[in-house]
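Notes to accompany the following structure.
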Amino acid sequence: MSDLVVSSRVRLARNIGGMPFLSRCSDSQRSELASGLSQTLQGLALAEPMQYIDVESVDELERQMLVERHLISRNQAEAAGPRGVAFSTQETLAAMVNEEDHLRLQALRSGLQLEQCYDEVRHLDDLLEQHVSYAFSSRFGYLTACPTNVGTALRVSVMLHLPALKMTGDIEKALRAGRDMNLAVRGLYGEGTEALGDLFQVSNQSTLGRSEEQIITDFRDQIVPAFIDYETRSRELLLKTRRAALEDKVFRAWSVLRSARVMSAEEALYLLSHIRLGLSLQMLPGLTIELLNQLSLLTQPAHLQQLSGKRMNPSERGEYRAKLLRDTLGAIKGVG
Amino acid sequence: MKIKCQKCGKEATLHVTEIVQGQKIEKHLCQHCANQEGITIQVQMPLAQVLEELLQTAAGRELANLRCDVCGINFLEFRQKGLLGCPNDYTVFEQALMPLLERAHEGASQHVGRVPGSAGETERRQNELLRLRSELKDAVASEQYERAVQIRDRIKELEVE
């Protein structure tokens, strides 16, 4: 049942030695960092070269696209001044320049792939280190603007889909167990966002005093299996005691998605979560996880406008989103 | 009107609406009863609160006046923003940061992970660079251009080293 891990992400925060942290950089220092790091990143000998987007100069829609693809944070999108992001063609690897720290390196993959993510981001870190000198102390490790990130400056996150825990009402207990393990639990787009579509982002809070490998291993061997176990047990309980209610949720979502004429992004996420559950419980033959992931992304506001090729206000988006879902899911035969 | 906690009657600070089996259930609880029910809303380590507590102590009040002579921030400014100004702050504010680091990192205060290949020799050089960049900023601001050029040359030398 590891399909309830939607994605894995590993992030390293890095700062250039001999430079103030970003909030104390002058405008010219920020420009110096952005232009220097963008050149360095694009010139690295990676298997897949990276392209750089100057986030300051692109329009709001493009920034929103980057947020929806999890290539930049909301903070990075909304900040001011020289800043940008470099990412690989497959978008598994990205480096934000001038966010809270000078560099935020991340590897993002679908499903449970923490080691692969760590290997990839570590390789990027190794290559970068040949060109820049990081702020580092033997006592505190990699020095970061916020002391809560210092040490390994490693943040491991998994995006978990936990609809059954939500239905049984045991989600709070599970999240509390997570917090007892000193984990942070957030919504779909990270800090300060709500858990839409039963998606929860679970990440480590402590970064000092344990090695990178220990943090990754803990996630792989203890934390992720614990959440999978909670959710699996809730699903089994629901199937045993409230099967009709569970099936009703799945098939009701399926029909609404295939027939609605107007749909908000939030409702789409909510309903797509129910059919994700149905897919996982093998109730919806013909539907694939790839299609579901694609729809989850395409129904987001910026992607929807990109797809339609024009700017749309929220009510136009609602109609276009409903049509996209209706056409795509309506084409699948043989369900229900 | 203040809503009372439905369990103990104190002022409720947490208001939750849950849908359980199609039934809407509203709960109004104080923090204490909410904790007992297993309802938590504090996601992040309350950084501001940890610092607030620290500054209440006598030693804390002394620390509040510490200032980094490289980036210019003092401990109070750090407290307000939650962000440090430069790598040198970890040295200047070390004492004040220790309790915070230990709270945030499960008691740990020593790095045990990866070390950059260039570590050792760079710490001294990096601090020198930081200091020079701050002097350069001041020199430009006070229109001491000759001095600024000298500093810039020294920065270039250090960067190549």
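The values are calculated or read from the model by the stated rules, or taken from the named source; none is laboratory data. All values derive from a computational prediction rather than experimental measurement. Backbone-built Cβ (ideal geometry, glycine too); neighbour counts: all protein chains shown. Note: accessible area is taken over every heavy atom of the protein model, side chains too, but ligands, DNA and RNA are not part of it. Shrake-Rupley method; radii C 1.70, N 1.55, O 1.52, S 1.80 Å.
Quick check: anything in the range A:125-143 within 22 Å of the chain's Cα centre (by Cα) and closer than 30 Å to B:P116 by Cα?
The answer is yes, given that some residue of the range A:125-143 is within 22 Å of the chain's Cα centre (by Cα) and closer than 30 Å to B:P116 by Cα.
Collect the residues in the range A:136-152 that are within 7 Å of chain B (Cβ to nearest Cβ) and not in a loop (DSSP other than H, G, I, E, B), keeping them in residue-number order.
A:F136, A:S137, A:G141, A:P147, A:T148, A:G151 - these are the residues of the range A:136-152 that are within 7 Å of chain B (Cβ to nearest Cβ) and not in a loop (DSSP other than H, G, I, E, B).
Does the range A:153-164 contain any residue that is within 8 Å of another protein chain (Cβ to nearest Cβ) and out of contact with any Ser or Thr (no Cβ under 7 Å at 6 or more places or on another chain)?
Taking every residue of the range A:153-164 in turn, none turns out to be within 8 Å of another protein chain (Cβ to nearest Cβ) and out of contact with any Ser or Thr (no Cβ under 7 Å at 6 or more places or on another chain).
A quick yes/no check of all residues on (1) open to solvent by 30 Å² or more (accessible area, probe 1.4 Å); (2) in a helix (DSSP H, G or I); (3) among the hydroxyl-bearing types (S, T, Y); (4) modelled with pLDDT under 95:
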| position | (1), (2), (3), (4) |
| --- | --- |
| A:F251 | yes, yes, no, no |
| A:W254 | no, yes, no, no |
| A:E267 | yes, yes, no, yes |
| A:N293 | yes, yes, no, yes |
| A:A302 | no, yes, no, no |
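Looking only at residues that are basic (K, R) and at pLDDT 85 or above in the range B:102-130, which one is most open to solvent (accessible area, probe 1.4 Å)?
Among those that are basic (K, R) and at pLDDT 85 or above, it is B:R103.
Would you call A:V156 surrounded by fewer than 18 Cβ atoms within 10 Å (Cβ to Cβ), outside any helix (DSSP H, G or I) and modelled with pLDDT of 95 or more?
Against the criterion (surrounded by fewer than 18 Cβ atoms within 10 Å (Cβ to Cβ), outside any helix (DSSP H, G or I) and modelled with pLDDT of 95 or more), A:V156 does not qualify.
For residues that are surrounded by 13 or more Cβ atoms within 10 Å (Cβ to Cβ) and either closer than 19 Å to A:G197 by Cα or among the β-branched types (V, I, T) (or both), tally how many sit in the range A:224-244.
Looking only at that region, the number is 9.
Across the range A:304-326, what is the total count of residues that are aliphatic (A, V, I, L, M) and either over 16 Å from A:V256 (Cα atoms) or open to solvent by 40 Å² or more (accessible area, probe 1.4 Å) (or both)?
Number satisfying all stated conditions: 3.
Could you please tell me which pairs satisfy a Cβ distance under 6 Å, a separation of 6+ or placement on different chains, a first residue in the range B:26-45 that is closer than 15 Å to A:E172 by Cβ, and a second residue that is charged (D, E, K, R) and modelled with pLDDT of 70 or more?
Listed pairs, sorted by first residue: B:C33/B:K7; B:G38/A:E172; B:G38/A:K173; B:G38/A:R176; B:I39/A:E172; B:T40/A:R176.
Can you go through A:R69, A:R74, A:R63 and tell me which one is in contact with a Gly (Cβ under 8 Å, 6 or more places away or on another chain) and within 22 Å of A:S7 (Cα to Cα)?
Within the list A:R69, A:R74, A:R63, the selection yields A:R74.
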